[in-house]
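Have a look at the structure below, then the notes.
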């Protein structure tokens, strides 16, 4: 036998036989794996069609995909396959077209049942419609939304004749909730019918730019300036002027309708003894939202003060509620002598009729109370040496 193995021809024959056996083991399905098929039921079919000029009526029916081949290849089977019919070369009407399969790995075979399905196309129509703005939500109190501006204000609505008949409007919905600045947004447009939004039509273009001006109502009124703190007793205000006479106040119309003047900043003159220019911000008094200008110049002219005693100023009781009486115990005659300080020309012209002395008894219970006296005086005039005067008042139940 060793001699046979040493023979070249014998070795060649044995090698050939082994090669044939190995090739048979690989290619013979009885040795590798058996042929099989896979059924995929309720498979979805896509339709390729000219969607610019046609609409697809309904959805194509589902089919059964039968995949045939050697089981050894099923491990490579991918779900990326798709089934489709090509209706791009047909026009309006119902057409029976073959279902095609794409994306299966080689050498897997497939067939579809049914092999052909009906596809119905209808012409796509269009009509031009105006875009209607619809504002939802509200701006904060005191702000006002103006008339919206839309670009483009006309669009094409495309769809079947039946669907176009349902369209009653095309709207751009803008939410104004708590917005304080003008709106400039790109809004996706929506078609509406009698029963609400419609989804089976197309809008071209799909979006529009919507601008909504948001402003605050304003009113221009005189500006009033009063000192916050009076100057030293030896000095008086000869006059207060500003670089603006009027100011624009912004806020709710319910507030502006009754606004006759606006109280500006109250300068502290307690250390001012000569002519002075002050730059002060204008306060925003609620319910005002803003004022213009925001800052003003205040020119204060100071002069040496003169004093004058005003006699027999009557004391007035305010704040009496219904059914309640009050009696002034002190001063006994319910009159005061007060010393006023101010500019000489102004002081010379003052009399008792120009001064009011008030005591407020609001919410006081029955009994005797010491109540501070409040003075109502002409501008730039102050009481000197008597700023803490009190009256003794008896409240009678």
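The values are calculated or read from the model by the stated rules, or taken from the named source; none is laboratory data. Model, not experiment: these values are computed from the prediction. Please note: Cβ atoms are built from the backbone with ideal geometry, for glycine as well, and neighbour counts cover all protein chains shown.
Looking at region 344-370 only, could you name the residues that are more than 57 Å from the chain's Cα centre (by Cα) and within 13 Å of residue 314 (Cβ to Cβ)?
351, 352, listed by residue number.
Residue by residue through region 189-209, note down the ones that are assigned to a strand (DSSP E or B) and either within 15 Å of residue 156 (Cα to Cα) or touching a strand residue (DSSP E or B) at 6+ places or on another chain (Cβ under 8 Å) (or both).
Result: 190, 191, 192, 197, 202, 203, 204, 207, 208, 209.
All but one of (1) surrounded by 14 or more Cβ atoms within 10 Å (Cβ to Cβ); (2) out of contact with any helix residue (DSSP H, G or I) (no Cβ under 8 Å at 6 or more places or on another chain); (3) closer than 30 Å to residue 260 by Cα hold for residue 341; state the number of the condition that does not hold.
In the conditions (1) surrounded by 14 or more Cβ atoms within 10 Å (Cβ to Cβ); (2) out of contact with any helix residue (DSSP H, G or I) (no Cβ under 8 Å at 6 or more places or on another chain); (3) closer than 30 Å to residue 260 by Cα, residue 341 misses (2) alone.
Has region 243-256 got any residue that is over 33 Å from the mean Cα position of the chain (by Cα), under 19 Å from residue 381 (Cβ atoms) and at pLDDT below 95?
So far as region 243-256 goes, no, none of its residues is over 33 Å from the mean Cα position of the chain (by Cα), under 19 Å from residue 381 (Cβ atoms) and at pLDDT below 95.
Does residue 170 fit the bill of being touching a helix residue (DSSP H, G or I) at 6+ places or on another chain (Cβ under 7 Å), surrounded by 14 or more Cβ atoms within 10 Å (Cβ to Cβ) and in a strand (DSSP E or B)?
Answer is no for this residue.
Just to be sure before I move on: is residue 187 within 24 Å of residue 140 (Cβ to Cβ), surrounded by 12 or more Cβ atoms within 10 Å (Cβ to Cβ) and free of Cβ contacts under 8 Å to residues at least 24 places away in the same chain in the structure I sent?
yes
Which residue is modelled with the lowest pLDDT, if the candidates are limited to region 115-147 and must be buried (at least 18 other Cβ atoms within 10 Å of the Cβ) and more than 25 Å from residue 96 (Cβ to Cβ)?
Filtering first and then ranking leaves 142.
Can you give me the number of residues within region 210-248 that are without any contact (Cβ under 8 Å) to a residue 60 or more places away in the chain, part of a loop (DSSP other than H, G, I, E, B) and exposed (fewer than 13 other Cβ atoms within 10 Å of the Cβ)?
Selection size over region 210-248: 3.
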